[in-house]
Structures are given as structure tokens and as C-alpha cells.
Amino acid sequence: MSPAVPEKQVLTSFQLSKRVGLTLCVLSLIFASIADYFLYQSLVSKDFGLIDARMQNYQRILSHAGLDKLIEVIEQEQVDSELWLIEISGPRERRFSNQSQPDESLLRLTDPHWPVLNTEKKRWLVRNEISDNLSFTLGLGSLERQQQQVAYRWAMLFTLLPLIMISLLLMYRIHRHALHPLRDFLRTSQQMQQQTDLHQRFRVSEPDTELGQLAEQTNRFLDTIERLFNGMQASLDNVAHDLRTPLARQRLRVEQLLMQPSIQNDPETFEALATISEESERIEKMLTTLMDISQAETGTLPLNKQPLDPQAIARQAIEVYSFIAEDKGCEIHLQSSAPCSLVADELRLRQVLLNLLDNALKFSPDNSRIDVTVQCTRDSTVIRVQDQGCGIPEEDLPHIFDRLYRGDKSRGSKGLGLGLSLVKAVIEAHGGELKVSSQTTKPSGSCFSLALPNT
Ligand code: ADP
């Protein structure tokens, strides 16, 4: 099993667009605020201009014709009291006001620097002048200015919002397009890892770009890795092949020596030769397995395929391990669906099941249970071996099918680290698939599941 590939992926293009979008929003807000400020300032200075002009006019009348004439002129003018505030007051009393009922709650702004955000409430923009012991207050209502400000703010919103949305959409599309080769890259490398297929190469669609050059460079790396990997494999196979025959000859010679009475009468020599024979057998077995794996992987393993009853094969394999299971107080249960048949090499299939059962028993605690399930469908047969053992740590899972790999927990136990490599190679040589799921926390255990086509 290869390590899980994250299912839900956050797209870089989405993240980039999100960041650009955020920056765009902040910049637009700053830009809109600055524009709002300047617009407000220009409206205010325009209003002050109107107030100043009127103030100068009234002061001219006051100095030439006196207060009574001024009040008369103001009354004749019939200025809109909603728009204009005109107040004249002496040191102690109010002399004139064009407001029937002066509303003291209305704000009077004499020096407004900052734009008013609440544009609903009316305010007076006022100038105050004192001359000839008279206080002159001229105010201009803020409603018109506020309306202009509101209209401007809406215009700003309706212009900036679609602009931001369109820019974001464009940005997202550009990023998606620009990052397409990277997604391709990721997909291919995931496939490579999942299928442990070193033949695959990255697609180079635009060789002149940085991404195209990266793909080309990585392909060159992969060529080197594949060459080294194949060379290593070939050397291992050659060594295995070349060592097997002299080793078999050596073991035969040792066994012949062990039969001689002179050796049998010398316990020390006999024991040494017996150990040599045992070790030679172990190395021979290892070399044979290595050769089998190599042949199965290259498609040259001779397979004597014939119709088989998978349930019978499973039963026979369980039978082989029944004594060892009994010794450990373990129970091996066989569950199977309706009788069925599949076409496979009987010896190899039995070897596969024996390997899986051997591991299941080896890594299970005493008095535990092992379940072997045979499930047949119309096209395939699935055989599962589930144990209640220690489980396989997540970091070991991608390597357990590698040749000579042994997990930390199995270092003390017997084994060559070739069992699962052989199981996988044989199953794949049959056109099948081997999967594993495992859990190291309670309830721990591993489940090896092989699927073989029925024909
Ligand atoms: P070996 O059993 O000779 O060590 P294998 O190729 O059969 O070699 O297994 C490789 C490794 O996979 C083992 O060393 C062990 O760490 C792990 N393994 C295999 N089967 C099981 C299992 N049923 N439970 C726990 N670990 C397992």
C-alpha cells in the first residue's frame, strides 16, 4: 500500500487569488477613503465659499446702512431657512434669527476636517464673525452635500465591487492556467508512487518555460534513477543466479560428509558441518526466492495455470499451520462464500497463502484469532487474511513489499524479508492485486487482501 494521497486539495491558484483579492480589497478601501476625503474637502470649501460671499455682502450692508436695514434686507430675501441659518446677536440678547424654532440639537461644524460618516443627520456648516459688538452666525445646511457624498459612495461601491470581482475571477483563471503543469506534475508523481512505476515520465508541454525545464530535468533524474535501480536489480539477480549452483553443490558435499561414519563419530565436526548445511539451505532458499521474485516481476516465471478451488487451497494452507497455531493457542477460521473456481498456479497460490499465514501467526499474540475469507464474484476471487497482531506502523507500510525489507518489530524473529515481495510479485504475475490495511492501535491487526481474476 502506498501512503495516502491527501484527498481534499487546496488549490494554490485559489490561495493566490484569495491573497490577491484581499490585497485588492484593502487597496480599494484605502483608495476609496482617500477619494472620499478629498471630495468632502472640496464640497466643504465650496460651501464655505458661499457662506463667505454672503457674509461679506451682509457686512457691507451692516456697515453702510445699519442693523435694521440689514434685517430688513434679510427678511426681504426670504432665504430658505432649511438651507441657511442666519443669526445676529448682541452681547446679551438675540437680535435676529431666521429659524422659527432654533434646533439646538443640530451639530454646528465650524472647522470640519474629516468626512462625516453618518450622512443622514443634518448639520450646519457655520462661520462666526463679530463686528460692532454683534455676533454674526451664518450657516449652510449640510443636506445637499451629504446627498452628494452618499451618491458618490454608492457610485464608488458599484464601480469597485464588480471591478474586484472581475479581477479576482480573471486572476483565478490565470493562476489555474499558469499552474496547470504543476498539477500535472503532482498527478504524475502520485501515480508513480502509487503504482511504483519508474517508467512514467512528466509531460513537457512548454519546454521553454521554467516549469517545462523543471519537468525535463526531473525526467533526466528519473532516467538515472531507473537505470541505477534496474542495474541494482540485475546485479542482485545475477549474484543470486551465479551463487545458487555452487551453493547447492557445496550443500550436497556437506550432506555427503555428514553421512560418513568417521564424521558422525566426531560430534564437534558433525555439528559444524550440520550448521554449514543449515545455513547453506537458508541462503539457497533466499537466492531461490530472489530469483522467483525477479522472474515474476519480469513476466518470465513459469506458471502452471489450471482451474482451482480457492477454498480448498485455503483449507490446505490452514491445515499446514494448524499445529503452529495450536502451539500459540491461536485459532484460524475459514469463511467462504459459495463454491467457485479460478485459474491460477496451484503451487504458487498455496505459497502465497502460506506466506501470509506465516506472517499472520508470527506477528499475532498468543490466543488470538486469524480469519481467512474467500469471496468469489463473477469475475474475481478475493482472499483476505486478517489477524489481531501488532499491526504495521504507518512509516513501514510503503516498504513492506520491498525486497529484503523487515520492519523493526520483526528483527528478532525468523525471516528473510522476501515473503511479501514474492507474494506481491506472484499475485501481479497472475494479473491480480494485493492490498494491505493495518492498525497499530487497539484493536490492532493487519489485513492482507488479494484479488485474482477468475480466468
Ligand atoms: P519477513 O516476514 O520475513 O520479515 P515479509 O516480506 O514477509 O518478511 O514481511 C516484511 C515485513 O512486513 C515484516 O518484517 C513485518 O515488519 C511486516 N509484516 C508482514 N506481515 C505482517 C503482519 N501480518 N503483521 C505485522 N507486520 C507484518
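The values are calculated or read from the model by the stated rules, or taken from the named source; none is laboratory data. What you see is a predicted model, and the numbers here were worked out from it, not measured in a lab. All Cβ positions, glycine included, derive from the backbone under ideal geometry; neighbour counts span all protein chains shown.
When you go through Q335, Q306, Q311 one by one, which is the residue that is in contact (Cβ under 8 Å) with a residue 40 or more places away in the chain, of a type in the set (S, T, N, Q), out of contact with any helix residue (DSSP H, G or I) (no Cβ under 8 Å at 6 or more places or on another chain) and farther than 25 Å from L236 by Cα?
Exactly one of Q335, Q306, Q311 is in contact (Cβ under 8 Å) with a residue 40 or more places away in the chain, of a type in the set (S, T, N, Q), out of contact with any helix residue (DSSP H, G or I) (no Cβ under 8 Å at 6 or more places or on another chain) and farther than 25 Å from L236 by Cα, namely Q311.
Which of the residues belonging to region 37-76 are acidic (D, E), within 22 Å of L140 (Cβ to Cβ) and either touching a helix residue (DSSP H, G or I) at 6+ places or on another chain (Cβ under 7 Å) or loosely packed, with under 13 Cβ neighbours inside 10 Å (or both)?
Answer for region 37-76, where residues must be acidic (D, E), within 22 Å of L140 (Cβ to Cβ) and either touching a helix residue (DSSP H, G or I) at 6+ places or on another chain (Cβ under 7 Å) or loosely packed, with under 13 Cβ neighbours inside 10 Å (or both): D47, E75.
I need the full set of residues from region 405-455 which are among the aromatic types (F, W, Y) and buried (at least 18 other Cβ atoms within 10 Å of the Cβ), in order please.
F448
Restricted to region 397-407, and to residues that are of a type in the set (A, V, I, L, M, F, W, C) and in a loop (DSSP other than H, G, I, E, B), which residue is nearest to the ligand (Cβ to nearest atom)?
Per the criteria, the residue is I400.
What single numbered condition from (1) of a type outside the set (D, E); (2) over 31 Å from the mean Cα position of the chain (by Cα); (3) more than 12 Å from the ligand (Cβ to nearest atom); (4) within 25 Å of H333 (Cβ to Cβ) fails to hold for P453?
Among (1) of a type outside the set (D, E); (2) over 31 Å from the mean Cα position of the chain (by Cα); (3) more than 12 Å from the ligand (Cβ to nearest atom); (4) within 25 Å of H333 (Cβ to Cβ), P453 violates only (4).
Can you give me the number of residues within region 113-146 that are surrounded by 13 or more Cβ atoms within 10 Å (Cβ to Cβ), of a type outside the set (D, E), out of contact with any Pro (no Cβ under 8 Å at 6 or more places or on another chain) and at pLDDT 80 or above?
Counting residues in region 113-146 that are surrounded by 13 or more Cβ atoms within 10 Å (Cβ to Cβ), of a type outside the set (D, E), out of contact with any Pro (no Cβ under 8 Å at 6 or more places or on another chain) and at pLDDT 80 or above gives 18.
Checking T373 against (1) exposed (fewer than 15 other Cβ atoms within 10 Å of the Cβ); (2) not in a loop (DSSP other than H, G, I, E, B), only one condition comes out false. Which one?
The one condition T373 does not meet is (1).
Has region 327-345 got at least one residue that is more than 40 Å from the chain's Cα centre (by Cα), modelled with pLDDT under 95, assigned to a helix (DSSP H, G or I) and within 16 Å of the ligand (Cβ to nearest atom)?
yes
Could we say that L347 is out of contact with any strand residue (DSSP E or B) (no Cβ under 8 Å at 6 or more places or on another chain), surrounded by fewer than 17 Cβ atoms within 10 Å (Cβ to Cβ), of a type outside the set (K, R) and under 20 Å from F448 (Cα atoms) here?
On the way: out of contact with any strand residue (DSSP E or B) (no Cβ under 8 Å at 6 or more places or on another chain): yes; surrounded by fewer than 17 Cβ atoms within 10 Å (Cβ to Cβ): yes; of a type outside the set (K, R): yes; under 20 Å from F448 (Cα atoms): yes.
Judged against the criteria, L347 is a match.
Would you say I30 is crowded, with 16+ Cβ neighbours inside 10 Å, part of a helix (DSSP H, G or I) and not polar (S, T, N, Q)?
Taking the combined requirement at face value, the residue does not satisfy it.
If you check I313, I332, which single one turns out to be among the β-branched types (V, I, T) and more than 22 Å from A429 (Cα to Cα)?
Every option except I332 fails the conditions.
So, in region 296-317, exactly how many residues are at pLDDT 90 or above, surrounded by fewer than 19 Cβ atoms within 10 Å (Cβ to Cβ) and not in a loop (DSSP other than H, G, I, E, B)?
Residues meeting the conditions: 6.
Give all pairs with beta carbons closer than 6 Å in which a residue from region 135-161 that is over 18 Å from L125 (Cα atoms) meets a residue that is hydrophobic (A, V, I, L, M, F, W, C) and surrounded by 12 or more Cβ atoms within 10 Å (Cβ to Cβ); count only pairs at least 6 apart in sequence or on separate chains.
Y152/L39; M156/A32
Do you know which of the residues in region 142-172 that are aromatic (F, W, Y) and within 41 Å of the chain's Cα centre (by Cα) is farthest from D47 (Cα to Cα)?
The residue in question is Y172.
Results for (1) among the hydrophobic types (A, V, I, L, M, F, W, C); (2) closer than 23 Å to L236 by Cβ; (3) more than 14 Å from the ligand (Cβ to nearest atom), shown as yes or no for each residue.
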residue: L353; (1), (2), (3): yes, no, no
residue: P365; (1), (2), (3): no, no, no
residue: R369; (1), (2), (3): no, no, no
residue: D379; (1), (2), (3): no, no, yes
residue: V382; (1), (2), (3): yes, no, yes
residue: E395; (1), (2), (3): no, no, no
residue: K409; (1), (2), (3): no, no, no
residue: L434; (1), (2), (3): yes, yes, no
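Residues of region 172-207 being of a type in the set (D, E) and either over 27 Å from F14 (Cβ atoms) or surrounded by 14 or more Cβ atoms within 10 Å (Cβ to Cβ) (or both), which ones?
Hits for region 172-207 are D184, D197.
With out of contact with any Ser or Thr (no Cβ under 9 Å at 6 or more places or on another chain) and at pLDDT 90 or above as the only criterion, which of A35, A4 stands out?
Selected residue: A35, the only one of A35, A4 that is out of contact with any Ser or Thr (no Cβ under 9 Å at 6 or more places or on another chain) and at pLDDT 90 or above.
Among the listed residues G90, G66, identify the single one that is among the small types (G, A, S) and without any contact (Cβ under 8 Å) to a residue 24 or more places away in the chain.
Result of the check over G90, G66: G66.
What are the pairs, 6+ residues apart or on separate chains, where a residue within region 236-262 that is among the acidic types (D, E) has its Cβ under 8 Å from a residue that is modelled with pLDDT of 90 or more?
E255/S277
Read through the list (1) over 21 Å from the mean Cα position of the chain (by Cα); (2) part of a helix (DSSP H, G or I), then give the number of the only condition that E206 fails.
E206 satisfies all of (1) over 21 Å from the mean Cα position of the chain (by Cα); (2) part of a helix (DSSP H, G or I) except (2).
Could you tell me which numbered condition L418 fails, if it satisfies all but one of (1) more than 9 Å from the ligand (Cβ to nearest atom); (2) more than 12 Å from L450 (Cβ to Cβ)?
L418 satisfies every listed condition except (1).
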